[in-house]
1. Which of the residues spanning segment 30-54 are under 19 Å from residue 100 (Cα atoms), part of a loop (DSSP other than H, G, I, E, B) and of a type in the set (Gly, Ala, Ser)?
2. Output yes when any residue across segment 34-44 is surrounded by fewer than 22 Cβ atoms within 10 Å (Cβ to Cβ), at positive phi and not aromatic (Phe, Trp, Tyr), and no when none is.
3. Could you tell me which of the residues 128, 112, 69 is crowded, with 18+ Cβ neighbours inside 10 Å and either farther than 20 Å from residue 22 by Cβ or not charged (D, E, K, R) (or both)?
4. So which pairs qualify, if the first residue must be in segment 104-115 and free of Cβ contacts under 8 Å to residues at least 12 places away in the same chain and more than 11 Å from residue 81 (Cα to Cα), the second must be surrounded by 11 or more Cβ atoms within 10 Å (Cβ to Cβ) and of a type outside the set (Asp, Glu), the Cβ gap must be under 9 Å, and the two must be at least 6 apart or on different chains?
5. Given the options 91, 125, name the one that is out of contact with any Lys or Arg (no Cβ under 6 Å at 6 or more places or on another chain) and within 24 Å of residue 62 (Cα to Cα).
6. Between a first residue in segment 61-76 that is assigned to a loop (DSSP other than H, G, I, E, B) and a second residue that is crowded, with 22+ Cβ neighbours inside 10 Å and among the β-branched types (Val, Ile, Thr), which pairs have beta carbons less than 8 Å apart while being 6 or more apart in sequence or on different chains?
7. Looking only at segment 12-30, which residues are under 10 Å from the mean Cα position of the chain (by Cα) and under 21 Å from residue 57 (Cβ atoms)?
8. Pairs please, first residue from segment 23-50 and without any contact (Cβ under 8 Å) to a residue 60 or more places away in the chain and under 20 Å from residue 82 (Cα atoms), second anywhere and charged (D, E, K, R) and in a loop (DSSP other than H, G, I, E, B), Cβ atoms under 7 Å, 6+ apart in sequence or on different chains.
Amino acid sequence: MKIAVVDGQGGGIGGAVIKRLREVFGETLQILALGTNSIATAQMMKARANKGATGENAIVQTAPKADVIVGPIGIVLAQSMMGEVTPAMAEAVADSPALKLLLPLSQENVEIMGYLPEPLPHLIEKLILRLKEYLEHV
């Protein structure tokens, strides 16, 4: 099972997700860190991703091969994360046949109606529960 974690800017969200994935699933998952920049990739690699790559081409080439893609909602919004997410990146993630588990965290002018804001650790726990459910049926 290949889990691609996509993050940008400082990689803190992706790093926190990867750390928790490792705590729960150990080495049973192949975790791919896909950073929009090298700092984000480095942070996710420190959290124990199996492999890491940076930039548009890495995301465009890897997204279609992933079984699950995890990241903030900005990874499907062109020009998000202060312009780090290119249209090609957003399209590759959105078009991927992978299950997308998107965290509703955004610095963009996007509001998800009906969503009640929760701290990142709570969102990560919900993500873990959904991933467990998904893995039981694959």
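Computed from the coordinates by the stated procedures, all read-outs in this text should not be read as laboratory data. The structure presented is a predicted model; accordingly, all values stated were derived computationally and were not measured. Heads up, the Cβs are rebuilt from the backbone with ideal geometry, glycines too, and the neighbour counts pull from every protein chain shown.
1. Residue satisfying the conditions is 49 alone.
2. no
3. Result: 69 is the single residue among 128, 112, 69 that is crowded, with 18+ Cβ neighbours inside 10 Å and either farther than 20 Å from residue 22 by Cβ or not charged (D, E, K, R) (or both).
4. Final answer for the pair search is 115/104.
5. None of the others qualify; the one that does is 91.
6. From residues that are assigned to a loop (DSSP other than H, G, I, E, B), the pairs are 66/3; 67/3.
7. Here is the first cut: in segment 12-30, the ones under 10 Å from the mean Cα position of the chain (by Cα) are 13-15, 17-18.
Within segment 12-30, 14 is the sole residue that qualifies.
8. 36/84; 37/84
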